Amino acid sequence: MGYHLDEQDDPDARSYDYPDRTLLARMVGYLLVYRKEFLAVIILMAANMAAILYSPFVLKHAIDIDFPTGDLNALATTALLYVGLQIAAWLTGYSMQYLMTGMGQRAIFNIRQDLYDRLQMMSQDFYDRSTSGRVISRLTNDIDRMGELLNGGLITTFAQVFIVTMIGAIIITVDLQLALVTLLAMPLLLVATIYFRGKLKSAYRKTRKTISIVTSSLAESIAGAIVTKSFAREKTSIARFNEVIDLDYRANIEAGKAQATFFPAIRFIGGIGIFLILWVGGLRLMEGTLTLGTLVLFIRYTNQFFRPILIIANFYTNVQSAFAGAERVFSIIDTEPTVRDVPDAIDLTDVRGHIRFRNVTFGYIEGTDILTDFSLEIQPGETVAIVGDTGAGKTTVVNLLNRFYDIRSGSIEIDGVDIRRVTQRSLRAAIGLVLQEAFLFMGTVRDNIRYGRPDATDEEVIRALDTIGARRVLESLQDGLDTEVGERGGRLSEGERQLISFARALLKNPRILVLDEATSSVDVYTEHAIQRGMRMLLRGRTAIVIAHRLSTIVQADRIIVLEDGRIVEEGTHSELVAKRGKYHSLYSLQVQHALAAR
Amino acid sequence: MGYIWRLTQYPLRHKRLFFGFLVSATIGTAFNVLTPSVLSTIIDSVIPSADPALLIPYSLLYLGLTGLYSVFDIIARYGAVLSAHRSIYELRQDLYEALMEKDLAFYDRNETGQLIARVTTDVTTMREFLVWGYRVIFMGIVQLIGTYVMMWLISPGLTMYMFVALPVVALFGVAFAKHVRPVFFRARQMYGRLSSVLTENIVGIKIIRSFTSEDREGQRVRRANEEYRDVATRAFRLAALYQPLLPALLGVITGLLVYVGGVRFVEGSLTYGEFVAFVALIGMLILPARFLSWGIGMYQRASAAAERTFYVLDHEDEIRDPEQPVEISDIQGEVEFENVCFGYDGNRMILDGVSFRVLPGQIVALVGGTGSGKSSLTRLIPRLYDVDPSPTIQYRGRTYRLDEHGCVEIEGRRYYAKDGKIEIDGTVCPVRPPGRVLVDGIDVRMYRLTDLRRRIGIVHQDPFLFSATVRENIAFARPDASQEEIEAAARAAMAHEFIERLPEGYDSMVGERGVTLSGGQRQRIAIARALLADPRILILDDSTSAVDARTEMLIQQALENLMRGRTTFVITHRMSTIRNANLIVVMERGRVVEIGTHEELLAAGGIYAGIYETLTEMETRALQRTSVETQEG
């Protein structure tokens, strides 16, 4: 059984819709909101670096001047100065980080908030184009990637570049010849770092893939445990899993090799630097053209060289991944929602529930129309069942009525008002939507029922449950109405979720109800309760039902048969059966079958 | 220590590798702590000698020591990687085998997500410890000791002063682990909350819009986002306080050394070289402190992870092969339930004294609402669960278990069994022996598990298919089946036609990365899978209603082919199937309330008659109208 590695979701993939400069400028823009802090950070950083960079000179002073003169008072001053510098370095470093963290975290917060706000405004077409997993990944992983830079990475790295430059400048000023010798190791350091970075990156990318294969293989085994057991196939399954973990083992060993060599190699190159200082500096010391203090100074500076170089190298990979994340995040923030309220939009109030589609043409993709010249009028209080094959356009009708999309031509009116002239909010407040898959939010059953009206009293909740006949089922849950439903209602059964979604819609009490009947189903008893609940829910409202069950369809005031975005038949159940057309052929099979069973 | 010790047994299986890398790390560290003394020799002996010829070998000695340190360090790191990954490979094997052997009760008690985390995330945490933990803790200690030994060798007097540094290093390691890590842990928790709130908002966007609750949800996101921001800020700030603290403290100690060392230099009891070596050695103390705090953190996390993971290995299965299994070549398919009681979590009885017998080849329809126990009953036959092993009594309509002392506790009071009965407030309750499930007259617990399960097929309405080809899925029970056999099974399951139409026919991948199949198609593949396995006893869980009529008819046909000649337990609402059953068993709250044929039960006018009405009520009404209209039209 083959495993393919998915390249599609590579987190480091770039589209290059934005130049690097723009991305950097916008990210820094989020930090620059806090100008005063930013300035303070710069000043603190300068002080911090001064303390760090000056310390070796104090040591040199002690060695070259205080030691030989033997002036203990001067020595005490020098020692105190050294101690003072260390404490200063610590305090400035801490204050700088303190401010930077505050700025960085607020910047991350703001970016996440901006992205979320934009996502909330985004029209439904956006969510159709992208899986929710990807959108969530923008809000979490991609922003975390940017966070690596904003939470100090950016500023720290510039500080490191500055330190490296300063050290270079200082040692050149102190002793040009020795400085040039020391810097010989520099290019080696850079080459090695870049080489290992590249190697590690590809090795780790591979391990990320193998571990995801391990996880998915495991998830499947656990989900399919009952099948494996009932066919007594545990041995094969174990053999398969061994193959998978072997893949992961190999990939990790590969990465481990590079990881094991990287740091020691870099450190060895530093050792070469010190070797050169000892050799050349030692000769100069013998000649008397160099002091011991200067030699120690060079050794100290060489040691301080490493970490910056490693951080800078790290920064490069971080920047790449932050840019990749930033690009995706900003591209969403910059997307204008396709469905917007017109400037002088009015609120839709006192809805009677008259619906009219006038010559509506619409397609999700340019060039392929789902609905063509579609017209439909629904009277207040009427229940219309829409039937038809998958792809006939049933869900589209519902999407358009909710204005999840804007139509290409024609108009949709509620009580004679074009829905594009009213606010989206008031429109949706007037329409109750019950989806095929009942989505619940974390919280209790009661919270979910009250979702549309958090101020509803317990009596109202009970009344709603009684009306749709769901009280007994839901009250017999473990903690009754206070039962936690779990993530997406996962702790409840499909049928229980559906009943809750009915109660939720009922409590909202909309004039217009749109119901996408569930295709997946439940045991007969709950089914019975659901059918009853649905009838009660529809009573007295204008309703559009995307129907799958004969029993639902039969009860509708009017049935509409859709085929390729057109109404091909229309009428009551009896009328349509008598017609012996599309409707008849759709359902005669089911009817005959059911009759045969009786 | 317990769990880490057990974890360590894995690298200890390859002792040479494990101790090899630790020894290599020790040797490397030893070379490292030797380098300052080369500095001191160069400064004190080579430079004053003014002999350039001496300088090169000493400088090279320094380079050589650094080189050897690197080489041994690389060997140690690589050895640690090998040892850790090999251990993890073996641990994963053990875990997976353990998971495969677990009975279903185990899977009911543990959420899938958590089980997966135990074999992935938790194992990764342990691997991190095996790769880094031992090496780092070991090197930290060796370097700490080595550094002090070197100091002592250079200047015992000065070393005394430097012992000040020791508690600093130790305290830092502990304080960091104690203060900073919990805050980061909390930050991770808050992050989890934030991301689940965000997930809900994205997945539930349509509902949010439809209920115009954008503002409320927006507030919720903002609050979660703020909480995360605040705790993350606190965590990073705390880290900013601690992280530069260590170099600062060592810097302060260096300052102390400048004074004390200077005084000794003036006294003549310390040389330049010794002083420089001391400065270098103090710098080396940073590594043990970092390594120890890091190591402690890893140890804590690995220990928690190991506890969760070893739980999987330690969990004792209740369902195991008998010590002396009955040898069988085939079974007839007679099934009998004898006073069967069963509960998943001990207190609530899902099945309560079920008894009935089914002859080979009979079809039994199990009827009842959710929670009536019909699914649980069928699962006892292939021993996916075992019958409750304790004797029971009935008292005031409720069933109570007797513990191993023959004692029963009712409303806080304990009663003991005597002569096969228990007297409670004057009522004498006879003790019922523990229940049994018999296949061909033999207790199912007497068979070897594989012998038993191979002869029992289960087809679920929403079946689980593996991410594999259609062929592999059908041939799941018999991978050696020929193409003809597979196709024959698919034909009988009414699946051949649609499989042929798939882009790659029988080689099409199903599951997450493959073609999407409808529920009906998946069900028919599962039927083919069961057909090929050719079980004597069949369990059909078909309790929910299917979607469209065409598929329904195909499935009905497929199921009829499958049931032919097999003892079948069917959980269904299809009237046609129920009516044709040889035996209808009506269950309610774990008890058999009615049993008989369709006609008998209808005539009795009990619960079944009521259910029959419910089942047909809606459809009948619709169909009566329809049938009249059809005839008229």
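The values are calculated or read from the model by the stated rules, or taken from the named source; none is laboratory data. On a predicted model such as this, the values are computed, not experimentally measured, just so you know. Methodologically, a virtual Cβ is constructed for each residue, glycine included, from the backbone with ideal geometry; neighbour enumeration extends over all protein chains shown.
See the values below:
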item: Qualifying positions in the stretch B:96-120 - of a type outside the set (D, E, K, R) and surrounded by fewer than 16 Cβ atoms within 10 Å (Cβ to Cβ); result: B:Thr112, B:Gly113, B:Gln114
item: Residue within the stretch B:252-269 that is in a helix (DSSP H, G or I), touching a residue at least 40 places away in the same chain (Cβ under 8 Å), within 13 Å of chain A (Cβ to nearest Cβ) and small (Gly, Ala, Ser) present; result: yes
item: Residue within the stretch A:220-228 that is in a helix (DSSP H, G or I) and more than 8 Å from every other protein chain (Cβ to nearest Cβ) present; result: no
item: Leading residue by the ranking (surrounded by the fewest Cβ atoms within 10 Å (Cβ to Cβ)) among those in the stretch A:433-492 that are over 35 Å from the mean Cα position of the chain (by Cα) and closer than 23 Å to A:Val545 by Cβ; result: A:Asp466
item: Residue match in the stretch A:194-204 (condition: in contact with an Asp or Glu (Cβ under 9 Å, 6 or more places away or on another chain), modelled with pLDDT of 85 or more and either closer than 30 Å to A:Thr92 by Cα or buried (at least 16 other Cβ atoms within 10 Å of the Cβ) (or both)); result: yes
item: Residues that are in contact with a strand residue (DSSP E or B) (Cβ under 8 Å, 6 or more places away or on another chain) and among the hydroxyl-bearing types (Ser, Thr, Tyr), drawn from the stretch B:196-224; result: B:Ser210
item: Residue check, A:Glu517 more than 24 Å from A:Met121 (Cβ to Cβ), in contact with a Ser or Thr (Cβ under 7 Å, 6 or more places away or on another chain), surrounded by fewer than 23 Cβ atoms within 10 Å (Cβ to Cβ) and of a type outside the set (Val, Ile, Thr); result: yes
item: For A:Leu75: the one exception among (1) at the interface with chain B (Cβ under 8 Å from one of its Cβ atoms); (2) within 37 Å of the chain's Cα centre (by Cα); (3) not basic (Lys, Arg); result: (2)
item: Cβ pairs under 8 Å, 6+ apart, first in the stretch A:286-299 and within 18 Å of A:Tyr54 (Cβ to Cβ), second outside any helix (DSSP H, G or I); result: A:Thr294/A:Asp175; A:Phe298/A:Asp175
item: Residues being in a loop (DSSP other than H, G, I, E, B), more than 33 Å from the chain's Cα centre (by Cα) and more than 16 Å from A:Ile544 (Cβ to Cβ) - total across the stretch A:401-423; result: 1
item: Residues within the stretch A:345-383 that are part of a loop (DSSP other than H, G, I, E, B) and buried (at least 16 other Cβ atoms within 10 Å of the Cβ), tallied; result: 10
item: Hits in the stretch A:384-400 - residues which are under 16 Å from A:Leu513 (Cβ atoms) and either among the β-branched types (Val, Ile, Thr) or part of a loop (DSSP other than H, G, I, E, B) (or both); result: A:Val384, A:Ile386, A:Thr395, A:Val397, A:Val398
item: Residue in the stretch A:118-136 that is closer than 30 Å to A:Lys257 by Cα and surrounded by 15 or more Cβ atoms within 10 Å (Cβ to Cβ) present; result: no
item: Matching helices (runs of 4 or more DSSP H) fully within the stretch B:155-241 where at least 1 residues are free of Cβ contacts under 8 Å to residues at least 12 places away in the same chain and facing chain A (nearest Cβ under 8 Å); result: B:181-203, B:205-210
item: Helices (runs of 4 or more DSSP H) lying entirely in the stretch A:110-161 (those with 3 or more residues that are away from chain B (no Cβ under 11 Å) and closer than 25 Å to A:Met45 by Cα); result: A:143-148
item: The stretch A:166-219, residues that are within 14 Å of chain B (Cβ to nearest Cβ) and outside any helix (DSSP H, G or I); result: A:Leu184
item: Residues that are β-branched (Val, Ile, Thr) and within 11 Å of chain A (Cβ to nearest Cβ), drawn from the stretch B:369-390; result: B:Thr370, B:Thr378, B:Ile381
item: Count of residues meeting criterion [among the hydrophobic types (A, V, I, L, M, F, W, C) and assigned to a loop (DSSP other than H, G, I, E, B)] in the stretch A:284-329; result: 1
item: Residue ID - modelled with the lowest pLDDT, chosen from residues in the stretch A:238-247 that are surrounded by fewer than 22 Cβ atoms within 10 Å (Cβ to Cβ) and within 8 Å of another protein chain (Cβ to nearest Cβ); result: A:Ile238
item: Number of positions in the stretch A:50-68 that are facing chain B (nearest Cβ under 9 Å), β-branched (Val, Ile, Thr) and either loosely packed, with under 15 Cβ neighbours inside 10 Å or more than 20 Å from B:Ser269 (Cα to Cα) (or both); result: 1
item: Whichever residue in the stretch B:411-429 is assigned to a strand (DSSP E or B) and of a type in the set (D, E, K, R) and, among such residues, is nearest to B:Arg455 (Cα to Cα); result: B:Lys421
item: Total residues in the stretch A:18-41, condition of a type in the set (A, V, I, L, M), farther than 18 Å from A:Arg145 by Cβ and surrounded by fewer than 14 Cβ atoms within 10 Å (Cβ to Cβ); result: 3
item: Some residue of the stretch B:85-92 being surrounded by fewer than 18 Cβ atoms within 10 Å (Cβ to Cβ), of a type in the set (D, E, K, R), more than 9 Å from chain A (Cβ to nearest Cβ) and closer than 26 Å to B:Met139 by Cβ; result: yes
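Matching residues to (1) in a strand (DSSP E or B); (2) touching a Cys at 6+ places or on another chain (Cβ under 6 Å):
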residue: B:Glu336; (1), (2): yes, no
residue: B:Thr378; (1), (2): no, no
residue: B:Asp388; (1), (2): no, yes
residue: B:Glu409; (1), (2): yes, no
residue: B:Leu438; (1), (2): yes, no
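Listed here are the residues, each with its yes/no results for (1) at pLDDT 85 or above; (2) under 28 Å from A:Glu234 (Cα atoms); (3) hydrophobic (A, V, I, L, M, F, W, C).
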site	(1), (2), (3)
B:Phe337	yes, yes, yes
B:Asp352	yes, no, no
B:Gly368	no, no, no
B:Gly373	no, yes, no
B:Leu380	yes, yes, yes
